[in-house]
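To start, the structure itself, in structure tokens.
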Amino acid sequence: TSPGQTFCHLARYLGLVDLVALGDRLVKKERCTPSELVQYADAWPGQCREDALQGARLVRERVDSVPETALRLLMVLAGLPEPQVDIPIREADGNIRFRIDLGFEEVKLAIEYDGRWHDAEDQREHDESRRTELSTTEGWTFVVVKADELYEQPEQLLERLVSELQAQGIPVPAVLSDEWR
């Protein structure tokens, strides 16, 4: 089957987050574009067309991992502003120096997911060095999210994200949507 057909078929079996993660992976592997998935889902004559279309509309380019998709969707489905994906931090000559998983570039708020491999000493030191440099020299604020927060304590994570968004002057709704549940 084509990527679009596979995506639409699986809309019947996957939850929204898993479906979007599938779409993000299809796009990352250059099997299709987000707009192609939306077009395919919009024209889908089969079952679960609305689920496929909802998922396709949430697919983004340059998403590096399934947990990044889950983190972004936790925010979006709760009604928070959608963060930018894969923000490049460039050198003066235009070369990319660092990438930030998710964030709000206009206020320099970075939201990064640190999976288990970030616990390795050399990776942890690299992450800390990079974050310290970007905080000190460019004014970035970092919210680092671990798996247990995302998957076991999402309500507390949302509270932390709301607090940080407000501290950065980003408007958030007074009451969050329960759609993330």
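The values are calculated or read from the model by the stated rules, or taken from the named source; none is laboratory data. As the structure is a prediction and not an experimental result, all values here were calculated from the model. Here the Cβ is made from the backbone with ideal geometry for all residues, glycine too, and neighbour counts use every protein chain on show. What goes into the accessible areas is simple: the full protein's heavy atoms, side chains included, and nothing from ligands, DNA or RNA. Shrake-Rupley method; radii C 1.70, N 1.55, O 1.52, S 1.80 Å.
Side notes on the structure shown:
- Flag if Arg72 is open to solvent by 70 Å² or more (accessible area, probe 1.4 Å) and either more than 26 Å from Arg181 (Cα to Cα) or modelled with pLDDT of 95 or more (or both): no
- Scanning the range 152-168 for residues that are touching a residue at least 40 places away in the same chain (Cβ under 8 Å), among the aliphatic types (A, V, I, L, M) and farther than 15 Å from Arg72 by Cβ turns up just one, Val162.
- Selected residue (criterion: most open to solvent (accessible area, probe 1.4 Å)) from residues of the range 34-51 that are over 16 Å from Val63 (Cα atoms) and in contact with a Phe, Trp or Tyr (Cβ under 8 Å, 6 or more places away or on another chain): Tyr40
- Residue that is within 13 Å of Gln5 (Cα to Cα), assigned to a helix (DSSP H, G or I) and modelled with pLDDT of 95 or more, where the choices are Glu50, Glu36: Glu36
- Where a residue in the range 126-151 is under 25 Å from Val76 (Cβ atoms) and its partner, wherever it lies, is polar (S, T, N, Q) and open to solvent by less than 60 Å² (accessible area, probe 1.4 Å), with Cβ under 9 Å and at least six apart: Thr141/Ser135; Thr141/Gln168; Phe142/Ser135
- Only a single item in (1) open to solvent by 40 Å² or more (accessible area, probe 1.4 Å); (2) within 24 Å of Arg181 (Cβ to Cβ); (3) in contact with a strand residue (DSSP E or B) (Cβ under 8 Å, 6 or more places away or on another chain) is not met by Pro83, and it is number (1).
- Among residues of the range 87-123, those that are closer than 15 Å to Val143 by Cα and either open to solvent by 30 Å² or more (accessible area, probe 1.4 Å) or in contact (Cβ under 8 Å) with a residue 12 or more places away in the chain (or both), counted: 17
- In the range 16-33, the residues that are open to solvent by 40 Å² or more (accessible area, probe 1.4 Å) and in a loop (DSSP other than H, G, I, E, B): Lys29, Glu30, Arg31, Thr33
- For beta carbons closer than 7 Å, sequence separation of 6+ or different chains, a first residue in the range 56-85 that is free of Cβ contacts under 8 Å to residues at least 60 places away in the same chain and among the acidic types (Asp, Glu) and a second that is assigned to a helix (DSSP H, G or I) and open to solvent by 10 Å² or more (accessible area, probe 1.4 Å), the qualifying pairs are Glu61/Val27; Glu61/Pro34; Glu82/Val76.
- Against the list (1) surrounded by 12 or more Cβ atoms within 10 Å (Cβ to Cβ); (2) touching a residue at least 12 places away in the same chain (Cβ under 8 Å); (3) on the phi < 0 side of the Ramachandran plot, the condition Pro171 fails is (1).
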